[in-house]
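The values are calculated or read from the model by the stated rules, or taken from the named source; none is laboratory data. Note that this is a predicted model, so its numbers are computed, not measured. All Cβ positions, even for glycine, are placed from backbone atoms using ideal geometry, and neighbour counts span all protein chains on display.
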Amino acid sequence: MIKKRKLGKTDLMVSEIGLGGYQLGGFSKINDIPIAFGDMDEKNAINLINKAVDFGVTTFDTADFYSLGKSEIRLGKAVKQFRDEICIFTKAGSVASYTDIGFEIDLSYHHLMASVDRSLQRLDTDYVDVFQIHKAPQSEADFQSVEKAFAKIKSEGKARYCGASVGIKYEVGIELMKRGLVDSLQLYFSLIDPIPLKELFPMAKKEGVGIIIAEPLGQGLLTGKYKPDHVFPNSDIRNHVYDPNLLQKKLQKSQEFQFLINQSRNASQVALSYVLSRDEVSTCIPGSKSIEQLESNSFASEIILSPDELEKIKNIQQKWIE
């Protein structure tokens, strides 16, 4: 059974392995750019969510942008019967548009207020446990509108807590904590993305900010499926978000952790176990496209890396974060 942890200094107890909702809405495109992994239909999505609950997952993260709202709709439908037993996180601020990347950012007060109402309607719930902005603020006006929206959303009971999904914008996550604006931060951290260890994690621990790890498997690059020189098809979002050189660097980095894999634990389980070795982390939210992946990921909650293994990982990562 997946263990639970406290989300920072909130009163939420979250499963340390959750389920990311990026794939739950099925395949969608904007301007011929894919905005989801795979093509999951509603029946399989709901079955996957129900199985996740059976395995002990109580933390579900989605966003209004995922499959243009369909992820939220399917999640809401699936968890309706046990809403009080699980935590729902959603996000807003990424708006589909005719741009090279298929979206633009809107963190204005009125957009965030309208977004939370639309998300609640799609999720068919009166509240979400954590409402997050989907991208890091880019201006002082953004910080001010986010602060105002978060206060209003919490005062009206539409979200119990509020946070920010900052991805690799770690310096903005630090600024958000300095301003006292967030109860949680969602960010990238993995075997191949160790930068938060240097400054962000210590501050989050000091301030009691819950840490939600997105992409703990490095967008699948830590699953062991892909070798250096792998080329993703045009229908795969990774072909659009990664510069080819950066992708190869990440794939090469992932190869340095092969020594951690053995007959009793696979590459994905090792990657998740590493993320959970940090007590600053409250939960990680890998995506799963099948029951088999979901079950395999859930077992990572029981895997403990040894002090010697953690020291070897630290030595490998040190050359990337200095």
Counting only residues that are of a type outside the set (D, E, K, R) and more than 19 Å from ILE212 (Cα to Cα), which one in the range 50-70 is surrounded by the fewest Cβ atoms within 10 Å (Cβ to Cβ)? ASN50
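Restricting attention to the range 283-295, does a residue exist that is within 25 Å of ALA204 (Cβ to Cβ), out of contact with any Phe, Trp or Tyr (no Cβ under 6 Å at 6 or more places or on another chain) and surrounded by fewer than 13 Cβ atoms within 10 Å (Cβ to Cβ)?
So in the range 283-295, the residues within 25 Å of ALA204 (Cβ to Cβ) come out as 283-287.
From what's left, out of contact with any Phe, Trp or Tyr (no Cβ under 6 Å at 6 or more places or on another chain): 283-286.
When the remaining residues are screened for being surrounded by fewer than 13 Cβ atoms within 10 Å (Cβ to Cβ), the result is none.
Among the residues of the range 283-295, not one is within 25 Å of ALA204 (Cβ to Cβ), out of contact with any Phe, Trp or Tyr (no Cβ under 6 Å at 6 or more places or on another chain) and surrounded by fewer than 13 Cβ atoms within 10 Å (Cβ to Cβ), which makes the answer no.
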Can you find, within the range 101-124, the residue that is surrounded by the fewest Cβ atoms within 10 Å (Cβ to Cβ) among those that are assigned to a loop (DSSP other than H, G, I, E, B) and in contact (Cβ under 8 Å) with a residue 60 or more places away in the chain? ILE101
Those residues of the range 25-49 which are surrounded by fewer than 19 Cβ atoms within 10 Å (Cβ to Cβ) and modelled with pLDDT of 90 or more, in sequence order: ASP41, GLU42, LYS43, ASN44, ILE46, ASN47
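Scan the range 41-69 for residues that are in a loop (DSSP other than H, G, I, E, B) and within 22 Å of ALA92 (Cα to Cα) and jot them down. Write out each step before concluding.
Step one: list which residues in the range 41-69 are in a loop (DSSP other than H, G, I, E, B), which gives 41, 56-58, 62-65.
Scanning the range 41-69 gives THR58, THR62, ALA63, ASP64, PHE65.
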Give me the residue from the range 71-100 that is under 17 Å from the mean Cα position of the chain (by Cα) and in a loop (DSSP other than H, G, I, E, B) and, out of that set, surrounded by the fewest Cβ atoms within 10 Å (Cβ to Cβ). ILE86
Could you give every pair whose Cβ atoms fall below 9 Å, whose first residue belongs to the range 148-163 and is at negative phi and without any contact (Cβ under 8 Å) to a residue 24 or more places away in the chain, and whose second residue is outside any helix (DSSP H, G or I) and among the hydrophobic types (A, V, I, L, M, F, W, C), counting only separations of at least 6 or pairs across chains? ALA151/CYS162; LYS154/PHE131; LYS154/CYS162
Select from the range 148-192 the residues that are charged (D, E, K, R), more than 17 Å from the chain's Cα centre (by Cα) and more than 14 Å from LEU112 (Cβ to Cβ) and write down the one among them that is surrounded by the fewest Cβ atoms within 10 Å (Cβ to Cβ). LYS178
